[in-house]
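Peer 1: A single structure is presented below for examination.
The values are calculated or read from the model by the stated rules, or taken from the named source; none is laboratory data. Every value quoted in this text rests on a predicted model; they were computed, and no experiment measured them. We place every Cβ from the backbone using ideal geometry, glycine too, and count neighbours over all the protein chains shown. Calculation scope for accessible area: heavy atoms of the full protein, side chains included, ligands and nucleic acids excluded. Shrake-Rupley method; radii C 1.70, N 1.55, O 1.52, S 1.80 Å.
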Amino acid sequence: MADEHKNIIWLTQDAYDKLSSELEFLKGEGRQKVSTKIAQARDEGDLSENGGYHAAREEQGQQEARIRQLEVMLRDAQIGEAPATSSTVEPGMQVTICYDGDPDDTDTFLLGSRELLGLTDTNELEIYSPQSPLGSAILGKGKGDTATYEGPNGHEFEVKILEIKAFPTA
């Protein structure tokens, strides 16, 4: 069950439309503008010492990366609202955990996509993707369950799920 929700990105119709518009702009007018900058810089001569050319190529690379990111995000998007209630951790849920059984060492975060932050007035929550070590360890678990994951330093961490609730998008 957890794997079927792993790549879902919950977006409202408004957020989906905004990201679709950004993608359309980048693939059309955005690409055109960068290509023009590159052509103008190329016309200036020696490319090895042409800062404008290298900056335009860097901008092109960043833009193409954003296009790929948006294409994947929109392909995997679930339009609508994240589940209002759930007995298990799913993308789009706000989760509170404690580390190593210590109720004073807690963390509350959103399991999902950074684009969800644009749907709320607060930017105070951290976001973990369902593909992250912590995200995949807790995906599908319920309140009171424990999970273990390996951190970037190679150490294992044990977390206990204290609360699962809908992410406030209003």
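Peer 1: In square angstrom, rounded to the nearest 10, how much accessible surface does residue 36 have for a 1.4 Å probe?
Peer 2: 70 Å²
Peer 1: Which lysines does residue 18 reach when only Cα atoms under 16 Å apart count, and residues fewer than 8 places away in its own chain are ignored?
Peer 2: 27
Peer 1: Considering only protein heavy atoms, what is the solvent-accessible area of residue 149 at a probe of 1.4 Å, reported in Å² to the nearest 10?
Peer 2: 30 Å²
Peer 1: Which of the GluC sites (Glu not before Pro) found in segment 12-43 are in a DSSP loop and have at most 14 neighbouring Cβ atoms, other than their own, within 10 Å?
Peer 2: none
Peer 1: Just the accessible area for residue 64, please: 1.4 Å probe, Å², rounded to the nearest 10?
Peer 2: The value for residue 64 is about 50 Å².
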